[in-house]
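Below you'll find the structure, written out as structure tokens, and then a few comments.
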Amino acid sequence: MAPIPDPHPLYARLRAEAPVLRLPRPDKSFFLVTRFADARHVLKTDRVFSNRANARLVGMVMGPTLIQMDGREHDRHRKLVTPALAPRALRGSFPALVERLAQREIDRFASRREADLSGEFAFYFPLRVFVEILGLPAEEVEQFHRWAIDLTHIAKDPGRGFEGSRQLGAYLLPVVQRRRAQPEGPDLVSRLCHAKVEGQELSDEEVVSFLRLLVIAGAETTYHLLGTALHVLLHEPALLSRVRADRGLLEPLLWEALRWESPISTLPREALEDVELAGVEIPAGSDILVHVGSANRDSARFAAADHFDIERNDRDHLGFGMGRHYCAGSRLAILEARIGLGALLDRLTNLRLAPGRDSRIIGFSFRGPDQLPVVFDPVH
Ligand code: HEM
């Protein structure tokens, strides 16, 4: 989330002049991939471009999880964890619960007639949903929440992030052990403890690591998606009126926001063998950064790619990744963001940027607005 101003003109230049750019690094070769076709190829060719690059990055904070695994090991872990996040688990009473959580967050600031929707809503709401999904006791939510927030500061403040990760792990381990000792219940922790594939369960440590991964993979990303969608609506009042009148536009809005400013902009991979990409030789062992944020603005793939177009109706972009590691929580993210935005539109009328204030989308690896200062008339 570095305060980088609009990087898209630079990405456009890279796509035109050096689509696979070798960056100088003393230890090993490092390549930045910025075109859609090349990015898609790397993500789909997981036999050659390995996710083990993540072991040295997210893996250091989370512990080993499916995001750093390849092949059969990844298959096994993915089969264990996806049922708990699948659409089936999101039906029934779940949407109504998410709606209640959104309303509760809005209650905190609605009567003030002004708020920062980034810090006061987009940030907290996905974390609250996540705490519910975990099925933690209500009295422990605040403490969990504080560590989860520390963990999300890993990029800005590594000391705070690592400490949050450690404390979260120390808190979650006994929770996991207790759940394992009980019969399977409906919450995510219990399902993860009891899920079996080919007769094998996840170890306690693996469940804890996965839960930590979900804080970043789920809450931090949905925060930026909500923020970017709101940023667009606040800068295009005509679009805001259209969406307010037709809530069926919320999903197209979110899918286009995911393309236009992808919350996770860069995905690391490692080349397992010598390979050529767009005419550039990549030696085995090289690190590769797939820039999905740039790929999703590639005019060779998307007409008028820099333009935010709610009519685009093109979900085949790379905002949720592509191939074997495609986001396991995509349905949950869209459901949560749609319900959250809908609740804001229901409760806050005459919503607009606060006079004299503005928001900017910033960041390199994670992208989203720095703030969303608004004024509004509340509806109780
Ligand atoms: C707007 C919100 C989200 C965005 C933009 C997003 C984006 C992504 C992307 C790009 C990947 C691919 C990583 C790679 O290829 O290396 C990914 C993977 C993943 N996401 Fe999401 N995600 C979001 C929300 C969520 C949520 C809500 C959850 C669950 C609570 C979740 C869980 C995961 C998991 C477990 C993986 C790893 C899948 C694997 O390695 O097989 N994500 N996500």
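Taken together, the values in this text are just the output of simple stated rules run on the coordinates, not laboratory data. Quick caveat: nothing in here was measured; it's all calculated off a predicted structure. Quick reminder, even Gly has a Cβ in these numbers, built from the backbone with ideal geometry, and neighbours come from all protein chains shown.
Overview of results
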{"read-out": "Zero-based 5 Å bins, Cα pair distances in region 85-154, whole percents", "value": "3, 14, 23, 23, 19, 13, 4, 1"}
{"read-out": "Restricting region 11-92 to trypsin sites (Lys or Arg not before Pro) in coil, as DSSP defines it, with at most 13 other Cβ within 10 Å", "value": "K28, R47, R91"}
{"read-out": "Net charge, S241 excluded, C-beta distance under 14 Å - Lys, Arg +1, Asp, Glu -1", "value": "+2"}
{"read-out": "Loop trypsin sites (Lys or Arg not before Pro), region 113-190, which have at most 13 other Cβ atoms in a 10 Å radius of their Cβ (DSSP)", "value": "R113, K156"}
{"read-out": "Sorted by Cβ density within 10 Å, fewest first, the residues D316, D309, D150, D46", "value": "D316, D309, D46, D150"}
{"read-out": "For the chain: Kirkwood Rh in Å [reciprocal of mean 1/r, alpha carbons]", "value": "21.6 Å"}
{"read-out": "Over region 330-372: Kirkwood hydrodynamic radius from C-alpha pairwise inverse distances, Å", "value": "12.6 Å"}
{"read-out": "Highest-first arrangement of 62-70, 276-284, where packing means the average Cβ count within 10 Å", "value": "62-70, 276-284"}
